[in-house]
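Below is one structure; the comments refer to it alone.
The values are calculated or read from the model by the stated rules, or taken from the named source; none is laboratory data. Remember, predicted model here, so these are calculated numbers, not experimental data. Here the Cβ is made from the backbone with ideal geometry for all residues, glycine too, and neighbour counts use every protein chain on show. Just the protein is used for accessible areas: all its heavy atoms, side chains included, with ligands, DNA and RNA removed. Shrake-Rupley method; radii C 1.70, N 1.55, O 1.52, S 1.80 Å.
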Amino acid sequence: MADIELTTPGWTHTYSGKVRELYASTVLPPRVLMVATDRVSAFDHVLEPAIPGKGELLTRLSLWWFDQLEGMPNHLAPREEWSSIPPEVASRAMLVRELTMYPIECVVRGYLSGSGWVEYQESQSVCGVPLPAGLRDGDRLPEPIYTPAWKAPLGQHDENISYERTVELVGETVAAALRDLSLAIFGRASTIAEARGVILADTKFEFGVDDDGVVRLADEVLTSDSSRYWDAAAYASGNRIASFDKQIVRDWMKANWDGTGEPPALPADIVERTAARYRELIATLTGA
Ligand SMILES: N#Cc1c(N)ncnc1-c1cnn(Cc2cccc(F)c2)c1
(Lines give C-alpha, C1' and ligand atoms only; values in the text may rest on other atoms or scores of the structure.)
Protein backbone atom coordinates (compact mmCIF):
# COMPACT_ATOMS: atom_id res chain seq x y z
CA MET A 1 0.00 0.00 0.00
CA ALA A 2 1.70 3.18 -1.19
CA ASP A 3 0.53 5.29 1.77
CA ILE A 4 2.13 2.81 4.18
CA GLU A 5 5.68 3.92 3.40
CA LEU A 6 6.99 6.79 5.49
CA THR A 7 8.07 9.97 3.74
CA THR A 8 11.04 10.24 6.15
CA PRO A 9 14.00 8.31 4.69
CA GLY A 10 15.74 5.53 6.63
CA TRP A 11 12.73 3.30 7.29
CA THR A 12 11.46 0.25 5.43
CA HIS A 13 7.93 -1.01 5.99
CA THR A 14 8.13 -4.66 7.12
CA TYR A 15 4.78 -5.74 8.50
CA SER A 16 1.13 -4.69 8.55
CA GLY A 17 -0.98 -5.78 11.48
CA LYS A 18 -4.72 -5.10 11.64
CA VAL A 19 -4.23 -1.82 13.46
CA ARG A 20 -0.46 -1.29 13.52
CA GLU A 21 2.47 -1.03 11.11
CA LEU A 22 6.04 -2.15 11.64
CA TYR A 23 9.12 -0.56 10.07
CA ALA A 24 12.79 -1.53 10.16
CA SER A 25 15.52 1.07 10.46
CA THR A 26 17.98 1.11 7.58
CA VAL A 27 20.45 3.35 9.39
CA LEU A 28 20.22 2.87 13.19
CA PRO A 29 21.47 -0.26 14.98
CA PRO A 30 18.80 -2.97 14.94
CA ARG A 31 15.74 -0.90 15.73
CA VAL A 32 12.08 -1.36 14.88
CA LEU A 33 9.44 1.36 14.64
CA MET A 34 5.99 0.32 15.85
CA VAL A 35 3.33 2.68 14.53
CA ALA A 36 -0.22 2.55 15.86
CA THR A 37 -2.96 3.64 13.45
CA ASP A 38 -6.49 4.85 14.20
CA ARG A 39 -7.86 1.64 12.72
CA VAL A 40 -10.09 -0.51 14.93
CA SER A 41 -10.63 -4.24 14.59
CA ALA A 42 -13.17 -6.63 16.05
CA PHE A 43 -14.16 -10.19 15.21
CA ASP A 44 -11.07 -10.49 13.00
CA HIS A 45 -12.11 -7.60 10.76
CA VAL A 46 -10.72 -4.12 10.39
CA LEU A 47 -13.76 -1.89 10.73
CA GLU A 48 -14.63 1.43 9.10
CA PRO A 49 -14.33 4.23 9.90
CA ALA A 50 -11.19 4.68 11.99
CA ILE A 51 -11.42 5.99 15.55
CA PRO A 52 -9.91 9.50 15.59
CA GLY A 53 -6.91 9.68 17.95
CA LYS A 54 -6.88 5.97 18.79
CA GLY A 55 -3.29 5.36 17.66
CA GLU A 56 -1.93 8.24 19.73
CA LEU A 57 -4.02 7.39 22.80
CA LEU A 58 -2.99 3.74 22.84
CA THR A 59 0.66 4.62 22.27
CA ARG A 60 0.55 7.03 25.21
CA LEU A 61 -1.02 4.31 27.34
CA SER A 62 1.65 1.77 26.41
CA LEU A 63 4.44 4.21 27.17
CA TRP A 64 2.87 5.10 30.53
CA TRP A 65 2.63 1.43 31.49
CA PHE A 66 6.21 0.72 30.44
CA ASP A 67 7.21 3.53 32.82
CA GLN A 68 5.02 2.14 35.62
CA LEU A 69 6.56 -1.31 35.25
CA GLU A 70 10.01 -0.17 36.31
CA GLY A 71 12.44 -3.00 36.82
CA MET A 72 10.87 -5.08 34.06
CA PRO A 73 13.28 -5.05 31.07
CA ASN A 74 11.35 -3.91 27.99
CA HIS A 75 12.02 -3.39 24.32
CA LEU A 76 11.91 0.41 24.22
CA ALA A 77 15.01 1.89 22.64
CA PRO A 78 16.97 4.37 24.79
CA ARG A 79 15.02 7.64 24.87
CA GLU A 80 18.04 9.53 23.46
CA GLU A 81 17.39 7.71 20.16
CA TRP A 82 13.78 8.77 19.95
CA SER A 83 14.61 11.98 18.07
CA SER A 84 15.09 9.70 15.05
CA ILE A 85 11.38 8.82 15.00
CA PRO A 86 9.81 10.32 11.85
CA PRO A 87 7.81 13.42 12.83
CA GLU A 88 4.91 12.25 10.67
CA VAL A 89 4.16 9.41 13.11
CA ALA A 90 5.96 10.56 16.28
CA SER A 91 2.79 10.93 18.37
CA ARG A 92 1.73 7.35 17.76
CA ALA A 93 5.02 5.45 17.41
CA MET A 94 7.44 3.57 19.65
CA LEU A 95 11.08 3.04 18.75
CA VAL A 96 12.08 -0.39 20.02
CA ARG A 97 15.05 -2.72 20.11
CA GLU A 98 14.84 -5.48 17.55
CA LEU A 99 14.17 -8.70 19.48
CA THR A 100 13.72 -12.32 18.60
CA MET A 101 10.07 -12.66 19.50
CA TYR A 102 8.67 -15.70 21.28
CA PRO A 103 5.67 -17.22 19.45
CA ILE A 104 3.55 -17.03 22.59
CA GLU A 105 0.67 -14.71 23.41
CA CYS A 106 0.94 -14.55 27.21
CA VAL A 107 -2.69 -14.10 28.25
CA VAL A 108 -3.56 -13.47 31.90
CA ARG A 109 -7.16 -13.44 33.10
CA GLY A 110 -8.25 -12.01 36.45
CA TYR A 111 -11.97 -12.15 35.70
CA LEU A 112 -14.31 -14.46 33.87
CA SER A 113 -15.63 -12.87 30.67
CA GLY A 114 -15.71 -13.06 26.88
CA SER A 115 -14.61 -16.37 25.39
CA GLY A 116 -13.52 -17.49 28.86
CA TRP A 117 -17.11 -17.24 30.11
CA VAL A 118 -18.38 -19.22 27.10
CA GLU A 119 -15.81 -21.96 27.71
CA TYR A 120 -16.44 -22.01 31.47
CA GLN A 121 -20.15 -22.65 30.98
CA GLU A 122 -19.30 -25.71 28.85
CA SER A 123 -16.39 -27.13 30.81
CA GLN A 124 -16.04 -25.29 34.15
CA SER A 125 -12.54 -24.44 32.94
CA VAL A 126 -10.79 -21.84 30.82
CA CYS A 127 -8.07 -22.94 28.40
CA GLY A 128 -7.85 -26.18 30.34
CA VAL A 129 -7.45 -24.44 33.71
CA PRO A 130 -10.12 -25.85 36.06
CA LEU A 131 -12.18 -23.27 37.97
CA PRO A 132 -14.59 -23.52 40.92
CA ALA A 133 -18.28 -24.16 40.19
CA GLY A 134 -20.84 -21.42 40.47
CA LEU A 135 -18.96 -18.54 38.88
CA ARG A 136 -21.00 -15.96 36.97
CA ASP A 137 -20.12 -13.87 33.92
CA GLY A 138 -17.80 -11.09 35.02
CA ASP A 139 -16.83 -12.70 38.34
CA ARG A 140 -13.34 -12.15 39.71
CA LEU A 141 -11.36 -15.39 39.59
CA PRO A 142 -9.98 -16.81 42.86
CA GLU A 143 -6.58 -15.85 41.46
CA PRO A 144 -5.37 -14.69 38.03
CA ILE A 145 -4.78 -17.52 35.57
CA TYR A 146 -2.19 -17.80 32.78
CA THR A 147 -3.78 -19.03 29.55
CA PRO A 148 -1.20 -18.81 26.76
CA ALA A 149 -1.85 -18.93 23.04
CA TRP A 150 0.38 -19.82 20.11
CA LYS A 151 1.02 -16.80 17.90
CA ALA A 152 -0.08 -18.05 14.50
CA PRO A 153 1.49 -16.69 11.33
CA LEU A 154 -0.02 -13.67 9.62
CA GLY A 155 -3.69 -14.00 8.92
CA GLN A 156 -4.21 -17.19 10.92
CA HIS A 157 -5.94 -17.42 14.28
CA ASP A 158 -3.91 -17.59 17.48
CA GLU A 159 -4.50 -20.94 19.15
CA ASN A 160 -5.00 -21.48 22.89
CA ILE A 161 -2.35 -23.91 24.12
CA SER A 162 -1.42 -25.55 27.41
CA TYR A 163 1.52 -24.43 29.53
CA GLU A 164 3.14 -27.77 28.68
CA ARG A 165 2.89 -26.91 24.97
CA THR A 166 4.71 -23.62 25.64
CA VAL A 167 7.51 -25.69 27.21
CA GLU A 168 7.73 -27.68 23.98
CA LEU A 169 7.84 -24.44 21.97
CA VAL A 170 10.36 -22.38 23.95
CA GLY A 171 11.87 -24.72 26.53
CA GLU A 172 11.17 -25.07 30.23
CA THR A 173 13.24 -22.13 31.48
CA VAL A 174 11.75 -19.58 29.09
CA ALA A 175 8.22 -21.01 29.42
CA ALA A 176 8.40 -20.62 33.19
CA ALA A 177 9.84 -17.12 32.85
CA LEU A 178 7.06 -16.00 30.47
CA ARG A 179 4.40 -17.40 32.81
CA ASP A 180 5.92 -15.94 35.97
CA LEU A 181 6.64 -12.54 34.40
CA SER A 182 3.11 -12.35 32.93
CA LEU A 183 1.45 -13.13 36.27
CA ALA A 184 3.75 -10.71 38.14
CA ILE A 185 3.17 -7.85 35.68
CA PHE A 186 -0.58 -8.51 35.72
CA GLY A 187 -0.57 -8.37 39.52
CA ARG A 188 1.31 -5.06 39.60
CA ALA A 189 -0.78 -3.54 36.82
CA SER A 190 -4.04 -4.64 38.48
CA THR A 191 -2.98 -2.96 41.73
CA ILE A 192 -2.03 0.26 39.93
CA ALA A 193 -5.27 0.27 37.92
CA GLU A 194 -7.52 -0.51 40.92
CA ALA A 195 -5.91 2.34 42.88
CA ARG A 196 -7.27 4.55 40.08
CA GLY A 197 -10.75 3.04 40.04
CA VAL A 198 -10.19 0.75 37.07
CA ILE A 199 -10.40 -3.04 36.92
CA LEU A 200 -7.92 -4.82 34.65
CA ALA A 201 -9.99 -7.87 33.74
CA ASP A 202 -7.54 -9.54 31.36
CA THR A 203 -4.63 -8.75 29.07
CA LYS A 204 -2.02 -10.30 26.83
CA PHE A 205 1.72 -9.75 26.82
CA GLU A 206 4.39 -10.54 24.27
CA PHE A 207 8.04 -11.04 25.03
CA GLY A 208 11.23 -11.30 23.03
CA VAL A 209 14.90 -11.89 23.71
CA ASP A 210 17.73 -9.53 22.80
CA ASP A 211 21.22 -10.38 21.53
CA ASP A 212 22.49 -10.50 25.12
CA GLY A 213 19.88 -13.11 26.08
CA VAL A 214 17.77 -10.68 28.10
CA VAL A 215 14.05 -11.50 28.01
CA ARG A 216 12.20 -8.24 27.44
CA LEU A 217 8.55 -7.20 27.63
CA ALA A 218 7.65 -6.26 24.07
CA ASP A 219 4.83 -5.23 21.74
CA GLU A 220 2.19 -2.83 23.09
CA VAL A 221 1.43 -3.27 26.76
CA LEU A 222 -1.84 -3.03 28.69
CA THR A 223 -3.67 -1.04 26.04
CA SER A 224 -7.40 -1.09 25.30
CA ASP A 225 -6.58 -3.29 22.31
CA SER A 226 -4.66 -5.88 24.32
CA SER A 227 -6.71 -5.72 27.52
CA ARG A 228 -10.18 -5.51 29.01
CA TYR A 229 -10.67 -2.59 31.38
CA TRP A 230 -13.80 -2.01 33.45
CA ASP A 231 -14.99 0.88 35.60
CA ALA A 232 -14.57 -0.37 39.19
CA ALA A 233 -17.36 1.77 40.66
CA ALA A 234 -19.83 0.61 38.02
CA TYR A 235 -18.73 -3.00 38.57
CA ALA A 236 -19.23 -2.66 42.33
CA SER A 237 -22.78 -1.38 41.78
CA GLY A 238 -23.57 -4.40 39.62
CA ASN A 239 -23.03 -2.78 36.20
CA ARG A 240 -20.72 -5.27 34.58
CA ILE A 241 -20.69 -3.79 31.13
CA ALA A 242 -19.09 -0.40 31.83
CA SER A 243 -15.97 -1.15 29.88
CA PHE A 244 -13.18 1.16 28.75
CA ASP A 245 -12.13 -1.01 25.87
CA LYS A 246 -13.65 -2.02 22.54
CA GLN A 247 -16.79 -3.47 24.12
CA ILE A 248 -18.92 -0.61 22.69
CA VAL A 249 -17.78 -1.64 19.21
CA ARG A 250 -18.16 -5.36 19.91
CA ASP A 251 -21.68 -4.94 21.27
CA TRP A 252 -22.77 -2.81 18.30
CA MET A 253 -21.31 -5.34 15.86
CA LYS A 254 -23.08 -8.22 17.60
CA ALA A 255 -26.38 -6.34 17.34
CA ASN A 256 -25.91 -5.18 13.73
CA TRP A 257 -23.94 -7.84 11.87
CA ASP A 258 -24.60 -11.55 11.40
CA GLY A 259 -20.90 -12.27 10.90
CA THR A 260 -21.15 -12.97 7.18
CA GLY A 261 -19.77 -10.80 4.40
CA GLU A 262 -18.18 -7.45 5.08
CA PRO A 263 -19.06 -5.83 8.44
CA PRO A 264 -21.20 -2.67 8.34
CA ALA A 265 -19.62 0.73 8.92
CA LEU A 266 -19.72 1.96 12.51
CA PRO A 267 -22.18 4.81 13.07
CA ALA A 268 -20.76 8.18 14.10
CA ASP A 269 -22.06 7.92 17.67
CA ILE A 270 -20.32 4.55 18.21
CA VAL A 271 -17.09 6.03 16.84
CA GLU A 272 -17.32 9.05 19.12
CA ARG A 273 -18.35 7.04 22.21
CA THR A 274 -15.42 4.70 21.64
CA ALA A 275 -12.97 7.59 21.20
CA ALA A 276 -14.37 9.18 24.37
CA ARG A 277 -13.91 5.94 26.35
CA TYR A 278 -10.29 5.68 25.17
CA ARG A 279 -9.67 9.29 26.23
CA GLU A 280 -11.41 8.68 29.57
CA LEU A 281 -9.32 5.58 30.30
CA ILE A 282 -6.03 7.33 29.58
CA ALA A 283 -7.07 10.34 31.68
CA THR A 284 -8.22 8.10 34.55
CA LEU A 285 -5.09 5.96 34.59
CA THR A 286 -2.38 8.46 33.70
CA GLY A 287 -3.93 11.69 34.94
CA ALA A 288 -3.02 13.29 31.62
N1 LIG B 1 7.21 -5.79 19.74
C2 LIG B 1 8.06 -6.09 19.03
C3 LIG B 1 9.10 -6.51 18.15
C4 LIG B 1 10.46 -6.22 18.49
N5 LIG B 1 10.76 -5.50 19.61
N6 LIG B 1 11.45 -6.63 17.68
C7 LIG B 1 11.16 -7.32 16.56
N8 LIG B 1 9.91 -7.61 16.18
C9 LIG B 1 8.87 -7.22 16.95
C10 LIG B 1 7.51 -7.57 16.49
C11 LIG B 1 7.22 -8.45 15.47
N12 LIG B 1 5.85 -8.52 15.34
N13 LIG B 1 5.32 -7.71 16.26
C14 LIG B 1 3.85 -7.52 16.42
C15 LIG B 1 3.44 -6.39 15.52
C16 LIG B 1 2.89 -6.68 14.31
C17 LIG B 1 2.49 -5.64 13.46
C18 LIG B 1 2.64 -4.34 13.81
C19 LIG B 1 3.21 -4.06 15.02
F20 LIG B 1 3.36 -2.79 15.36
C21 LIG B 1 3.61 -5.09 15.89
C22 LIG B 1 6.30 -7.12 16.95
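Numerical summary
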| item | result |
| --- | --- |
| Long-range HN-HN contacts of Asn160 with modeled amide H, under 5 Å | Trp150 |
| Accessible area per residue in Å² at 1.4 Å probe, computed on segment 11-97 | 43 |
| Label-point separation, Gln156 to Ala283 (7 Å along Cα→Cβ), nm | 4.4 |
| ³J(HN,Hα) computed for each position of segment 40-46 - Karplus, 6.51 cos²θ - 1.76 cosθ + 1.60, integer Hz, glycine/proline x | 10, 10, 7, 6, 6, 10, 7 |
| Rounded to the nearest 20 debye, dipole of segment 100-286 from Cβ charges on Lys, Arg, Asp, Glu | 620 |
| R0 of 30 Å, Cβ-Cβ distance Asp211-Thr7: FRET efficiency to nearest 0.05 | 0.45 |
| For segment 11-97, size of Cβ-based charge dipole, Lys and Arg +1, Asp and Glu -1, in debye | 100 |
| Built amide H within the under 5 Å cut-off of Asp139, gap 5+ | Leu112 |
| 17 Å reach of a label modelled at Glu168, 7 Å along Cα-to-Cβ, counting backbone N of segment 77-109 | 103-105 |
| For Thr12, solvent-accessible area (1.4 Å; no DNA, RNA or ligand), Å² | 70 |
| Surface per residue (accessible, 1.4 Å probe) for segment 127-231, Å² | 45 |
| ³J(HN,Hα) computed for each position of segment 222-229 - Karplus, 6.51 cos²θ - 1.76 cosθ + 1.60, integer Hz, glycine/proline x | 6, 8, 5, 7, 9, 9, 10, 10 |
| Global size of segment 11-97 as Cα Rg and Dmax, reported in angstrom | 13.5, 39 |
| Per-residue SASA entry for Val108, accessible area with 1.4 Å probe, Å² rounded to 10 | 0 |
| Centre separation in Å (Cα based) which lies between segment 52-115 and segment 168-190 | 18 |
| Where Val214, Val249 fall by accessible area, highest first, once all protein chains stay in place (1.4 Å) | Val214, Val249 |
| Kirkwood Rh, angstrom, the chain [1 / mean 1/r, Cα pairs] | 19.9 |
| Accessible surface ranking that places the most exposed of Asp212, Asp225, Asp245 first, with a 1.4 angstrom probe | Asp212, Asp225, Asp245 |
| Percent carbon-and-sulfur accessible area, the chain, ignoring ligands, DNA and RNA, probe 1.4 Å | 53 |
| Charge tally in the Cβ shell below 9 Å around Arg216, where Lys, Arg are +1 and Asp, Glu are -1, Arg216 excluded | 0 |
| Theoretical gain in end-to-end length, Ala233 to Glu81 [0.36 nm per residue, Cα-Cα removed] | 50.6 nm |
| Under the span-like rule (Cα at least 30 Å along the axis, Kyte-Doolittle mean at least -0.5), DSSP H helices of the chain | 172-194 |
| Amide H contacts under 5 Å for Val126, placed H, 5+ residues apart | Leu131 |
